[in-house]
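K.L.:
Could you have a look at this structure, given as structure tokens, before my questions?
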Amino acid sequence: EVQLVESGGGLVQPGGSLRLSCAASGFTFSNYAMSWVRQAPGKGLEWVAAINSGGADIYYADSVKGRFTISRDNANNAVYLQMDSLRPEDTALYYCASFNAPPPYDFLSKNLGTWGQGTQVTVSS
């Protein structure tokens with residue numbers, strides 16, 4: 001069974017940091033590019049970051065560039081999102097996902113690609 005499981009979310013103060021993890025199983029992880037996508041309350045899906053299969057090509061949404069860092073560890077079938085300088089507007093459910101094309105993404109759907117269950121990040125005082 002193809003599975004992606006996110007962890008590491010929680011409540012953090014503005015300016016703080018969190019590191020999200022995504023554990024993959026059921027497929028050859030090292031052959032696939034991975035992304036992080038988030039959904040804020042009442043809003044649609046927003047692509048956040050992507051990393052290619054080997055980890056050499058990395059892309060970020062403008063909203064997180066300079067603050068978030070995506071990385072992967074193919075030996076452990078894991079992808080990470082280090083989030084620094086968090087802002088209240090970063091509050092969202094964060095998903096790990098794998099798609100069949102590189103960024104940019106003008107349309108995101110749970111029916112396209114493989115998605116985890118999400119981990120909640122709340123940035124608040």
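The values are calculated or read from the model by the stated rules, or taken from the named source; none is laboratory data. Values in this document were obtained by computation on a predicted structure and should not be read as measured data. Note: ideal-geometry Cβ built from the backbone for every residue, glycine included; neighbour counts use all protein chains shown. The area values use the complete protein model at the heavy-atom level, side chains included, leaving out ligands, DNA and RNA. Shrake-Rupley method; radii C 1.70, N 1.55, O 1.52, S 1.80 Å.
K.L.:
Name the residues whose placed amide hydrogens come within less than 5 Å of the amide hydrogen of GLY118, ignoring near sequence neighbours (fewer than 5 apart) on the same chain.
P.N.:
Correct list: GLU6, CYS96.
K.L.:
Relative contact order for the chain: what is it in percent, counting Cα pairs under 8 Å that are at least 6 residues apart?
P.N.:
Here the relative contact order equals 36 percent.
K.L.:
In whole percent, how big is the carbon plus sulfur part of the accessible area of the stretch 17-90, probe 1.4 Å, protein atoms only? Each step should come with its number before you reach the end.
P.N.:
Details: 1560 of 3460 Å².
That fraction is 45 percent.
K.L.:
What whole-number value in Å² describes the accessible area per residue of the stretch 69-125 for a 1.4 Å probe?
P.N.:
Numbers: 2900 Å² over 57 residues.
Using a 1.4 Å probe on heavy atoms only, each residue of the stretch 69-125 averages 51 Å².
K.L.:
So, with +1 on the Cβ of K and R and -1 on the Cβ of D and E, and no other charges, what is the size of the charge dipole of the chain about its Cα centre, to the nearest 20 debye?
P.N.:
Numbers: 8 positive and 10 negative charges, 26 e Å.
The calculated dipole for the chain is roughly 120 debye.
K.L.:
Rounded if a/c is under 1.5, else prolate if a/b beats b/c, else oblate: with a ≥ b ≥ c from the C-alpha gyration tensor eigenvalues square-rooted, which is the chain? Don't skip to the end; give the middle numbers.
P.N.:
On the way: a/c = 1.56, a/b = 1.47, b/c = 1.07.
Note, shape of the chain comes out prolate.
K.L.:
Please give me, ordered by residue number, the GluC sites (Glu not before Pro) of the stretch 1-64 that lie in loop per DSSP and have at most 13 other Cβ atoms within 10 Å.
P.N.:
Passing sites in the stretch 1-64 are GLU1.
K.L.:
I've got another one for you. Return the long-range amide H neighbours of ALA49 (sequence gap of 5 or more, or a different chain), with a cut-off of under 5 Å between placed amide H atoms.
P.N.:
It is TRP36, ALA61, by chain and number.
K.L.:
Please list 3J(HN,Hα) in residue order for the stretch 35-46, calculated via the Karplus relation 6.51 cos²θ - 1.76 cosθ + 1.60 where θ = phi - 60°; whole Hz, with x for glycine and proline.
P.N.:
Working through the residues one at a time gives 9, 10, 10, 10, 9, 7, x, x, 10, x, 6, 10 Hz.
K.L.:
Now for a separate question. Around LEU86, which amide H atoms from residues at least 5 apart in sequence, or from another chain, sit under 5 Å from its own amide H, with H modelled in the peptide plane?
P.N.:
Residues meeting the amide H criterion: GLY15, GLY16.
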